[in-house]
Amino acid sequence: MNNLPKPLSVVEKVGYSLGDLAANLIFQTLVVFLAFFYTDVYGIPATAAATIIFVGGLVGAFFNPIMGIIADRTVSRWGKFRPWILWTSVPFGISALLAFSTPAFSPEGKLAYALITYVLLVIIYSANNLPYAALSGVMTSNMKQRNSLSAYRFVAVMIAQFVIQVLLLPLVLILGDGDKAAGFNSLMTVFCVVGTVFFLITFFTTKERVILPSDYSGSVYQDIKDLIGNKPWLIMLSVTILVFVTLALKGGSSIYFFQYYLDNSATSEFLSNSGFNSGIAALNQWLTQAGLTKFEWPSDPATSAFSLFNAVGIITSIVGIGFSKPLADKFGKRDVFMTALFISTLFILGLFWVPSNNPAMAIGLNLLHGLFYGVTIPLLWAMIADVADYSEWRYRRRATAIIFSAMIFGLKLGLSIGGASVALLLAHFGYDPLLQTQSDDTIQGIKLIVSVFPTVPFFVATACLFTYRINRALEQQIENELSIRRAASS
């Protein structure tokens with residue numbers, strides 16, 4: 001193998017990170033708002049929405065290994081993975097626009113349209129995001145540089161998450177003039193254009209440096225055999241599934257928590273006393289004085305508090321990301337990931353005991369959860385790149401994309417299970433989107449979905465990491481021995 005030791009430039013790190021920002025404008029929308037969009041905007045029953053999310057997610061998940069096999073065997077003048085970012089940039093945006101459109105079909109037609117467009121979106125997402133994720137494993141072989149690249153990447157992810165979780169609902173209401181269906185369509189059009197531009201920047205600013213020799217050949221059977229025998233890969237696959245089950249459960253249910261559990265008058269009073277409303281008023285005054293259009297923030301207290309809840313979590317996650325690299329360099333990725341994940345889980349569990357008249361407590365818990373969870377965000381994907389190195393170190397063969405594809409399979413499976421669980425659990429607890437006030441049983445169910453249920457996968461993931469053997473010492477050993485092998489090969 002040939003490995004160029006040149007460190008990654010800031011331009012390349014930023015350029016790479018913009019690809020994740022583009023993808024996450026859609027990904028975060030799917031995680032947080034897909035169940036809400038299907039039930040409350042497009043008028044699909046909750047059980048049917050759960051089926052669509054689960055079936056569509058499974059199709060996308062099982063397509064990932066196929067895409068990994070294809071990407072690992074792609075040969076082009078641009079490399080193995082970069083060309084897929086170019087080829088899928090426009091189709092990705094168009095498929096997202098279709099998935100969040102609301103054509104006036106019959107009830108059966110709506111179900112068919114939602115399923116077809118969602119399946120199309122997740123397949124194109126796989127064709128784009130799998131090569132994108134694998135690209136990080138071949139841009140550099142230096143594990144500290146990967147930690148740095150992951151930190152840049154996930155700051156971009158947090159920016160996208162901020163846009164979606166804090167600003168999406170207000171923007172939908174503003175762009176649609178109160179019509180959520182029209183607002184989603186307009187916003188997705190913007191995301192389509194912005195995402196395409198960002199993917200092109202990623203393509204033109206990045207380079208593949210860990211390159212297989214021209215005489216390399218590897219069978220699909222051997223790739224799969226190596227995976228099955230790779231214990232760190234099996235552990236990280238399990239962790240990935242569990243993490244994204246939790247994210248989908250918590251992310252998809254939070255909007256219901258604010259709309260139906262927290263007291264509307266108490267929320268309104270909190271927004272006023274906390275300075276949130278005066279902050280929006282000051283922003284509008286500044287915009288007006290500058291000759292710009294006033295920022296018309298929605299007057300609904302639940303929407304505002306939900307946006308603030310997400311905002312503080314995202315901001316502290318970005319702070320947490322800043323601690324990720326130095327902590328991982330000092331203590332190793334595994335130990336830092338495991339500890340931070342466990343602590344962050346405790347603050348999710350705390351949401352169950354939030355009184356309905358205390359939105360400040362909910363926001364404070366999410367602030368602390370975001371701080372510790374942010375530490376783990378870059379480490380997951382950096383650890384997966386390490387697993388690809390471990391596979392090369394142990395089997396003397398490298399199959400980067402299929403390793404990443406299996407992890408994205410886990411991601412999609414976790415999101416499918418978690419996203420479908422939100423809709424199924426809502427249906428189980430008697431949720432009716434046509435009611436302004438839900439029953440006591442439904443409200444209790446919403447509390448469980450946003451707090452207790454999401455903690456179980458996180459706790460199990462923490463336990464799995466105890467058996468993950470790539471600690472700091474083994475990381476250094478793998479990096480040193482692979483460097484010697486690659487130098488001898490070149």
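Summary of values
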item	result
All positions within the stretch 458-472 that are assigned to a helix (DSSP H, G or I) and touching a residue at least 12 places away in the same chain (Cβ under 8 Å)	458, 459, 460, 461, 462, 464, 465, 472
Tally of residues being surrounded by 15 or more Cβ atoms within 10 Å (Cβ to Cβ) and over 19 Å from residue 234 (Cβ atoms) across the stretch 460-482	3
Failed condition for residue 86, given (1) in contact with an Asp or Glu (Cβ under 8 Å, 6 or more places away or on another chain); (2) at pLDDT 90 or above	(1)
Any hit, the stretch 138-145, residues being assigned to a helix (DSSP H, G or I), of a type in the set (Gly, Ala, Ser) and modelled with pLDDT under 80	no
Within the stretch 175-192, tally of residues that are touching a Gly at 6+ places or on another chain (Cβ under 7 Å), farther than 13 Å from residue 29 by Cβ and in a helix (DSSP H, G or I)	3
Any hit, the stretch 96-114, residues being assigned to a helix (DSSP H, G or I), of a type in the set (Ser, Thr, Tyr), more than 27 Å from residue 224 (Cα to Cα) and touching a residue at least 60 places away in the same chain (Cβ under 8 Å)	no
Lone unmet requirement of (1) within 22 Å of the chain's Cα centre (by Cα); (2) surrounded by fewer than 19 Cβ atoms within 10 Å (Cβ to Cβ); (3) farther than 30 Å from residue 394 by Cβ for residue 449	(2)
Test: residue in the stretch 221-229 that is crowded, with 20+ Cβ neighbours inside 10 Å and modelled with pLDDT of 90 or more	no
Residue list for the stretch 42-80, filter: part of a helix (DSSP H, G or I) and within 14 Å of residue 404 (Cβ to Cβ)	61, 63, 64, 65, 66, 67, 68, 69, 70, 71, 72
Options 16, 38: the member that is more than 24 Å from residue 184 (Cα to Cα), in a helix (DSSP H, G or I) and of a type in the set (Phe, Trp, Tyr)	16
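The values are calculated or read from the model by the stated rules, or taken from the named source; none is laboratory data. These figures come from a predicted structure and were not determined experimentally. In this analysis, Cβ positions are derived from the backbone assuming ideal geometry, glycine residues included, and neighbour counts consider all displayed protein chains.
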